[in-house]
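A short write-up of the structure that comes next.
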């Protein structure tokens, strides 16, 4: 566990030295994408349930659709402000992987724009899983105040 902590600290130190302002913009864009998709899922819950119904997760499709929608909403807000960024991204990863590899691959109603947006969100999520919230985030603010 100590080795993992040392690696995370080294990655954070390296990242902070090389942090560029456009990375903040990318984090906000990722959060907005997730937030908008969350609102879209809430407004079109039945369509999301129909997609889930043809998957292996047929049982509890309504609850899974609500979970995906609310996870996108809260995760989007958390990523925008940089609050527990890595945790929010970890929660988003199964949803995004499902969207890229299962939903877009097998749902003929999905448009190429949806697939591209899913892939972009997945790539940005992996990036921010490694990068973290950066120096302009609530993570960093809380770290300074608490330590």
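Nearest 10 degrees, 0 to 90: what angle lies between the long axis of helix 85-97 and the longest principal axis of the chain (Cα atoms)? Around 30 degrees separate the two axes. I'd like the FRET efficiency for residue 86 and residue 66, computed as 1/(1 + (r/R0)^6) with the beta carbon distance as r and R0 of 35 Å, rounded to 0.05. Rounded to the nearest 0.05, the efficiency is 0.90. Of all the options 24, 67, 35, the one that moves most in a Gaussian network model of the chain with Cα springs shorter than 10 angstrom is 67. Between helix 21-43 and the chain there is an angle of about 30 degrees, using the helix long axis and the longest principal axis of the Cα atoms. Compute the long axis of helix 61-81 from its Cα atoms, compare it with the longest principal axis of the Cα atoms of the chain, and write down the angle in degrees, 0 to 90, nearest 10. So the helix axis and the longest Cα principal axis differ by about 30 degrees.
Relative contact order, whole percent, for the chain stands at 30, derived from Cα pairs under 8 Å and 6 or more residues apart.
Over all pairs of different C-alpha atoms in the chain, the reciprocal of the mean inverse distance, the Kirkwood hydrodynamic radius, equals 16.2 Å. The modelled label-to-label distance for the pair residue 50/residue 126, using points 7 Å beyond Cα in the direction of Cβ, is 3.2 nm. Take the chain, connect every pair of alpha-carbon atoms lying under 10 Å apart with a spring to form a Gaussian network, then pick out the residue of 78, 43, 66 with the largest mean-square fluctuation. Largest GNM mean-square fluctuation: 43. Remark: spin-label model distance residue 143-residue 114 equals 3.8 nm, labels positioned 7 Å along the Cα→Cβ axis.
By the helix-only formula, in which each DSSP H run with n ≥ 4 contributes -39500 (n - 2.57) and the sum is divided by residues, the chain has a 222 nm mean residue ellipticity of -25000 deg cm²/dmol. Among 122, 130, 96, the largest mean-square fluctuation in a Gaussian network model of the chain, built with springs joining Cα atoms closer than 10 Å, belongs to 130.
Bear in mind these aren't lab numbers, they're just calculated from the coordinates by the rules spelled out. Note that this is a predicted model, so its numbers are computed, not measured. Quick reminder, even Gly has a Cβ in these numbers, built from the backbone with ideal geometry, and neighbours come from all protein chains shown.
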